[in-house]
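Only the coordinates and a few stated rules stand behind these numbers; no lab work does. These numbers were taken from a predicted model, which means no experiment stands behind them. Methodologically, a virtual Cβ is constructed for each residue, glycine included, from the backbone with ideal geometry; neighbour enumeration extends over all protein chains shown.
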Amino acid sequence: MSRLLERLADWRKRGNDRRSPGSRARAQFNLRGRLMLVSGALGVCALALVARAVDLQLVRNEFYQKQGDERFLREIEIPTSRGMITDRNGEPLAVSTPVESITANPKELLKYPNRVPQLAAALGVDAETLARKLTQRADKEFVYLKRRINPAEARRILALNVPGVSSQREYRRFYPQGEAIAHVLGFTNIDDRGQEGLELAFDETLAGRPGAKRVIRDNRGRIVEEVDLIRPAEPGQNITLTIDRRIQFLAYRELKRALQETRAVSGSVVVLDVATGEVLAMANLPSFNPNAVSVGNRDAHRNRAVTDVIEPGSTMKPLTVAAALESGVITPQSVFDTNPGWMPNGRWRTTDTHNYGVLDTTGVIRKSSNVGSAKIVQRLEKAQFHGFLSRFGYGRVTGSGFPGESPGNLPKPEFWSGTTKQTMSYGYGMNATPLQIARVYATLGNGGRAVVPTFIKGEAGESAQVLDPKIANEVLRMMQTVTEPGGTATQAAILGYHVAGKTGTARISYNGGYSRRYNAFFAGLVPVDNPRFSMVVVLKDPDPTLGYTGGLVSAPVFRNVMEGALRLMDVPPDDIDTWLAAQAAADARRSRQAGATVAMPRAAVPAAMPTVAAPPVALDALPPAGGSR
């Protein structure tokens, strides 16, 4: 042991002897250099990190901010309610109600496949169908699961806390009047955009402008913070229509009753304000429920009053007379020999239902004589007659702005055959919409001034004088005789009011000729002294066994609707003498009945008094079989 310690001490001594002063100095210098090298390297690294941080946070931060925003920040739409549509009195016709739509993020939801059956049960759909729908959109971040549901139902679904499932506020259109005004309003689609009717015509006005905002969503798609409002939502503007809900319901009810009683295929009613051109009512049947558009026949969506064209039949005769009066070829006292009840028209015949013999100008309208009308138009030139009808608006749209409105068809004279002018004088060889016919009659009632129809209250339509007021008044007085005893439309008469009108019964064209089916018309004005309403009734193909002439099936609709409209609009009567006479007769009848009741024994009192039969109604003139082109 002592020997080992000696060797170790000797080894240390030799090592110390070998180290020189210079080598110890170099050892100190190398240590300091190394420390500086390490410190410098660390400093460079720190500087690089700071520079990188400055680059990311200050110089090029937009890219990384965008990447972060794409993961959590979303720009979502703020839904806005569609404007309300009201009638002229402020009654709601179309309103939007808030609903909820259930949405999902397929990327997130598919991470929890065990929750899909539970979600499907809450949505009321098949679990496999839902899973397939999500799988097909696995690369998407948004999908609708169920749209426009009750908010309470949406809360129940969200209460399940299924990952990736959320809700979105939307609006659903509701139509309180249902079928009665469906054709005028139209309807909206699932995205609340107008598809037909006035909903389509004024879609931009009603729709408004959705807003937008930025929000932060969590990984389950839930909004955790609203960051910024990009633009506020602008609600749609309300629209007030010229329609009167009460008159509209009357028109729809009476039209429906007429179709049931006559078994007609379809029908239309149009009511205009004579002075302003405002559309007060427009009803069509068959109709549809705008609250359930997917149910029923799509053909019923058509607004027949503005899209369907018909040959106007005898409703043309007052215009034929007016054209001849204006040209000076006839006077109100002119007479026409209609014997023997027919006259040739090329290889066809123009016939009347009866041989009316000699008629004056008023008699031609009162008896609805085809032969008389044909004799009148023979005195007019083709261009003269065509120009007159064109001035009244036939052959072009009325300008109402209703989507899909038809211009009808008024052939140019150069395309007329040898029989066209004659058949056109009583409403064949041309066609028009019920709205066009109503406007023509409103023009006669407005002293010859034609006003563009409008559906928007306060929006005055353009007007133009197309006929001398004196001639218009003369024709109006002739039309008054149609609803008086001896005329073809006594069933259009209204107690206390003078009614001017014209019946029409036109064969329906078929395969280049005419069938044994008819369109039945009545067009009228009331009251005659100061016309307020112009109304047209069209029934297509009523059952011939139940009556098919305009005076028999369409005139009663006019009377029932106008009686209500005159009362609702407080229009004073212009035939007060007749009304007083009727009241006196009714009082006298009640007095006699009361005296008879007192005089006779109780058991002899009848259960009900017999009704007085209505006077016979003259049938309207019909065109010749097979047509007369």
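Packing around the peptides 459-466, 359-366, taken as the average count of other Cβ atoms within 10 Å per residue, puts them in this order, highest first: 359-366, 459-466. Annotation: extensible slack from Gln583 through Thr545 equals 10.1 nm (criterion: 0.36 nm per residue apart, minus Cα-Cα distance). To make sure I understand the rule: partners must be aspartates and glutamates, Cα under 12 Å from the Cα of Lys382, and not fewer than 8 residues away in the same chain. Which ones qualify? Once the sequence-local aspartates and glutamates are set aside, what remains near Lys382 is Glu414. Taking 30 Å as R0, compute the FRET efficiency from the Cβ-Cβ separation of Glu153 and Arg253 and round it to 0.05. The calculated FRET efficiency here is 0.25.
Grab the DSSP H runs of the chain that are 4 residues or longer, score each as -39,500 (n - 2.57), total them, divide by all residues and round the 222 nm result to the nearest 500 deg cm²/dmol.
Values: 21 runs with 231 residues, N = 629.
That comes out to -11000 deg cm²/dmol.
Helix 555-568 and the long axis of the chain differ in direction by around 70°, with both axes built from C-alpha atoms.
Please report, to two decimal places, log10 I(q)/I(0) for the range 245-576 at q = 0.07, 0.11 Å⁻¹ as given by the Debye formula with identical point scatterers on the Cα atoms and no solvent. Debye output, listed in q order: -0.25, -0.63.
Multiply the residue separation of Asp570 and Leu495 by 0.36 nm, subtract the distance between their alpha-carbon atoms, and state the gained length in nm to one decimal. The partial results should precede the final answer.
On the way: separation 75, 0.36 × 75 = 27.00 nm, distance 1.48 nm.
So the extension gain works out to 25.5 nm.
Projecting the Cα atoms of Pro469, Pro318, Met430 onto the dipole axis of the range 245-576, where Lys and Arg carry +1 and Asp and Glu carry -1 at the beta carbon, places Met430 farthest toward the positive end.
Between the Cα long axis of helix 21-54 and the first principal axis of the chain there is an angle of about 10°, rounded to the nearest 10.
Shown here is the pair-distance distribution of the chain: with all Cα-Cα distances grouped in 20 Å bins from zero up to the longest one, the shares run 16, 34, 21, 14, 6, 3, 3, 2, 0 percent. In this simple spin-label model, placing a label point 7 Å from the Cα along the Cα-to-Cβ direction at both Glu77 and Asp55 gives a separation of 4.2 nm.
Each Cα pair under 8 Å and six or more residues apart adds its separation to the average, and for the chain the resulting relative contact order is 13 percent.
Go through 413-422, 37-46 and give me the packing order, highest mean Cβ count within 10 Å leading.
Numbers: 413-422: 15.6, 37-46: 10.0.
The densest-packed peptide leads the list: 413-422, 37-46.
Take the Cα of Arg298, go 7 Å toward its beta carbon, and the backbone nitrogen atoms of the range 146-187 under 18 Å from that spot belong to 183, 186-187. Rounded to the nearest 10 degrees, the angle from helix 317-327 to the longest Cα principal axis of the chain is 80 degrees. Placing +1 on the Cβ of every Lys and Arg and -1 on the Cβ of every Asp and Glu, with no other charges, gives the chain a dipole of roughly 4120 debye about its Cα centre. Just how far, in whole angstrom, is the range 147-180 from the range 449-492 if you go by their alpha carbon centroids? The range 449-492 and the range 147-180 have Cα centres spaced 50 Å from each other.
Residue separation times 0.36 nm, minus the C-alpha to C-alpha distance between Glu381 and Leu160: what's the value? Write out the running numbers ahead of the final one.
Details: separation 221, 0.36 × 221 = 79.56 nm, distance 8.09 nm.
So the chain would gain 71.5 nm between Glu381 and Leu160.
Taking a straight Cα-Cα cut-off under 18 Å and skipping sequence neighbours fewer than 8 places away in the same chain, the lysines within cross-link reach of Lys540 are Lys256, Lys502.
Taking R0 as 25 Å, what FRET efficiency do you get between Asn473 and Ser327 from their Cβ-Cβ distance, rounded to the nearest 0.05? Here the calculated transfer efficiency is 0.90. The lysines within cross-link reach of Lys107, meaning a Cα-to-Cα straight distance under 29 Å and a gap of 8 or more places when in the same chain, are Lys66, Lys133, Lys140, Lys146, Lys213.
Using only Cα coordinates, the Kirkwood hydrodynamic radius of the range 75-240 works out to 17.6 Å.
The phi torsions of the range 482-488, fed into the Karplus equation with coefficients 6.51, -1.76 and 1.60 and a -60° offset, translate into couplings of 5, 9, 9, x, x, x, 8 Hz, rounded to whole numbers, with Gly and Pro shown as x.
Ordering of 159-170, 478-489 by packing is 478-489, 159-170, highest average first (other Cβ atoms within 10 Å, averaged per residue). Taking other C-beta atoms within 10 Å as the exposure proxy, Phe249, Phe174, Phe522 rank Phe174, Phe249, Phe522 from fewest upward. Can you compute the label reach from Glu484? Point 7 Å from Cα along the Cβ direction, backbone N cut-off under 15 Å, restricted to the range 522-562. So the set is 528-529. Each residue of the range 494-501 was assigned a 3J(HN,Hα) from its phi angle through the Karplus curve 6.51 cos²θ - 1.76 cosθ + 1.60 (θ = phi - 60°); the sequence is 10, 4, x, 9, 7, 10, 10, x Hz, with glycine and proline shown as x.
Here each label is just a point 7 Å from Cα along the line to Cβ, and for Val358 and Val227 those points are 9.6 nm apart.
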